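Remarks on the structure that follows.
Every read-out reported here was derived from the displayed coordinates using simple, explicitly stated rules and does not represent laboratory data. Being a predicted model, the structure only gives us computed values, none of them experimental. Cβ placement follows ideal geometry from the backbone for every residue including glycine, while neighbour counts extend to all protein chains displayed.
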Amino acid sequence: MEKNTRVEEALKVLDTMILSASGWRGVFAEAGDEESREPEVSGPHLLVAAAAARVFEAYLEEKNRNARALIVLGFDTRPTGPALAEAMRKSLTCELRFLGVSAAPEIMAYTRFLAEKEGERPIGFIYISASHNPVGHNGIKFGLADGGVIPGTENAKLAGRLAGAVEALCSGEGFPLKPEEIFTPGEMRGEDPGGTAVLKTEALKAYMDFTCIVAGGDPVIETLKEEIKRRPLGIAADFNGSARTCSIDRDFLGQLGIRFRAINDTPGLIVHKIVPEGESLEPCRLFLEECGREDPAFVLGYVPDCDGDRGNMVIRDGEKTRALEAQEVFALSLIAELAHLVYTGELRYDNSGNALDKTAVAVNDPTSLRIDRIARAFDVSVFRAEVGEANVVGLARLLRTQGYKVRILGEGSNGGNITHPAAVRDPLNTILSLVKLLSLRGDGNRQGLFEIWCNLSDQTELYHHDFSLADILASLPAFVTTGAAAPEAQLRVKTGDHGVLKEKYQRIFLRDWEAKKDELKGRYGIAGWEAAAYSGMEEKRRLARFGEAGRGGLKIYFLNSDDFPVASIWMRGSATEPVFRVIADAEGSDPRLERELIEWQRKMVQEAEGV
């Protein structure tokens, strides 16, 4: 194949990929079918993978005065992962630690461990995964020594270099091999299989140790063990063939004394949709129901996505089981981790109930206003960033430089949480948040986590010593929110310039507001509105021109007569899937306002698309 043809075909592959702050993704299966389970990857896709690895290696070394880098490489259980990893391993010239199949939080904890061990050396990771996308997709995430993905601005810089790297690879400039060698099966450079096994063992230990630190360290872990002995707890998991099948879940939870059972725990045996929402939670719900009939201690279950950094929950309350909504999962985690700060004395109050410690939570823009109510009870500030884990992690880092304690952050619209010092979502950390909420109870010397929440939220009547998960759920501020994976939350738009789309939408919204405002005030107490734009880590409130939101998030807050937000509608084009997302969020348990708002939002976007 001629050099120019190779370049053209590889650049065509780049044109089909989504290069976002959340990672670089595309359909890598050779047949081009997003549901393909075949392991073959085309030559042009392999060239792109090899070029991407070299771009990241050069970036690491440039940032560190050209010192030789160390890169950790791993992948989830998608069938195309090994082929992409082979292409990357062949192209890298730095020291390489290859883990094979690894959960995303595991490779990130191991990278952090190596950074502490190696000192000033430039260290990062490359993780091959498309997260929750269909099985024929794959993608690439880059991360740094703190275990977090690189900031969105830096990711954009790397994306800008990718086409040039493809051309350089095809010409043989600056690469350790010829293009033909990328396509040739055979021995991969790096650790031999025995060495890989040793590294995997080291990585699992680093992840286990780090998870203990995130939970609160030895004092919290030991207290949890004692409490779980007194009140047994069982957890069910549907691994769906994900990378978590090869990680620490069973051992870690077992060491706490938690009874653990799992289904679909064969690596790579993906039996249902990867996204852990909606129908994908049903097998776990049924499994938890079965476990609960045999052992009443089983009250929680979880389902991860393929890379294992996201997991949503199912619960059992008496004989009933149900899936928790993603926003509920984050709200419960938020209560647990803010109460954890009070429990450990890291968040203190004066005699008037004002927080003495500057504390914040960082979330994405479609996260429900429910978390603002929770944060208000703890006297904690809320900051929002655009959708994308890198944006939320970057915002939390920025807030810490400003003196804030940020123990918990995350994308509430997707469920799960990031608990500092972790810099990635992890279903184990979410499980631990709920386990702490259930198990860290008052002992006469200090209040337990749920009691702290009930007191601070003026719900003391809800607390009793033998509380259950149902009592905790009943204490959540009441909100109805459109699920991010619900059909009504997704639209298809053809307008490429989302800033122009939002300008058209603004004219429609202002027209409709005039027609609807009296009814909204009379029925729901909505007296006004305020628009906000979210781009990267920036929030711009009191937005005059909706088009300024560009490709970022646009959120309209609906205010009561005291100018307090009681509902919202939100929109943004996905950076990882070809969909335009819309969400409505409304205070109260009556679903009618949320239903009216999401229907109105959809109609306005569709009208703007047709103008």
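Strictly over 20 Å apart at the Cα level, which of K141/K555; K117/K141; K517/K555; K141/K540; K273/K436; K504/K603 would you flag in this model?
Long pairs (Cα-Cα over 20 Å): K141/K555; K117/K141; K141/K540; K273/K436.
Determine ³J(HN,Hα), in whole Hz, for all residues of region 230-240 in sequence, where each value follows from phi through the Karplus function 6.51 cos²θ - 1.76 cosθ + 1.60 and θ = phi - 60°; x replaces Gly and Pro.
Each residue's phi maps through the Karplus curve to give 6, 10, x, 9, x, 10, 10, 9, 10, 6, 6 Hz.
Got the relative contact order for region 312-395 handy, in percent, Cα pairs under 8 Å and 6 or more residues apart?
22
So which aspartates and glutamates pass the test for K229, namely a Cα distance under 16 Å, with those fewer than 8 places away in the same chain ruled out?
Partners within reach: D295, D443, D466.
If you compute Rg and Dmax of the Cα atoms in Å for the structure shown, which of (1) 53.9, 174; (2) 24.2, 77; (3) 37.1, 154 do you land on?
(2)
Calculated from DSSP H runs of 4 or more alone, at -39500 (n - 2.57) each and per residue, what is the 222 nm mean residue ellipticity of the chain, nearest 500?
Counting only the DSSP helices, I get -13500 deg cm²/dmol.
Based on the Kirkwood radius over alpha-carbon pairs, what value in µm²/s does the Stokes-Einstein equation return for the translational diffusion coefficient of region 487-610 at 37 °C and 0.692 mPa s?
In µm²/s, the coefficient is 224.
Any idea what the relative contact order of region 3-204 is, in percent, if you count C-alpha pairs under 8 Å spaced at least 6 apart?
Result for region 3-204 is 28 percent.
What does the C-alpha gyration tensor say about the overall shape of region 216-477? Classify as rounded when a/c is under 1.5, otherwise prolate if a/b is larger than b/c, or oblate.
oblate
As I understand it, the dipole of the chain uses +1 on the Cβ of Lys and Arg and -1 on the Cβ of Asp and Glu, about the Cα centre. Which of N455, F298, L269 lies farthest toward its positive end?
Selected residue: N455.
Just flag the GluC sites (Glu not before Pro) in region 67-143 sitting in loop per DSSP whose Cβ has no more than 12 other Cβ atoms within 10 Å.
Hits after loop and neighbour filter: E120.
About the Cα centre of the chain, how large is the charge dipole given +1 on each Lys and Arg Cβ and -1 on each Asp and Glu Cβ? Please answer in debye to the nearest 20.
So the dipole magnitude of the chain works out to roughly 940 debye.
For K63, list the lysines whose Cα falls under 16 Å from its own Cα; do not include residues on the same chain fewer than 8 positions away.
K157
Ordered by packing density, taken as the mean number of other Cβ atoms within 10 Å over each peptide's residues, highest first, how do 199-206, 284-291, 251-258, 51-58 rank?
Packing proxy ranking, top to bottom: 51-58, 284-291, 199-206, 251-258.
Given all pairs of different Cα atoms, what value in angstroms does the Kirkwood hydrodynamic radius of region 3-204 take?
16.7
Once you put a point 7 Å from the Cα of K229 and another 7 Å from the Cα of E62, both along the Cβ direction, what distance in nm separates them?
5.6
Could you state the number of Å between the C-alpha centres of region 358-394 and region 549-565?
15
Let me spell out the model: positive unit charges on the Cβ of Lys and Arg, negative unit charges on the Cβ of Asp and Glu, origin at the Cα centre of region 3-204. What dipole size does that give, in debye rounded to 20?
So the dipole magnitude of region 3-204 works out to roughly 440 debye.
Pick out, from A515, G528, A489, the residue whose Cα sits farthest towards the positive end of the charge dipole of region 459-533, with +1 on the Cβ of Lys and Arg and -1 on the Cβ of Asp and Glu.
A515
So which aspartates and glutamates pass the test for K502, namely a Cα distance under 12 Å, with those fewer than 8 places away in the same chain ruled out?
By straight Cα distance, K502 reaches E548, E607, E609.
Just report the Cα centroid separation between region 119-172 and region 8-71, whole Å.
7
List the relative contact order of the chain as a percent without decimals, with contacts defined as Cα pairs under 8 Å and 6+ residues apart.
11
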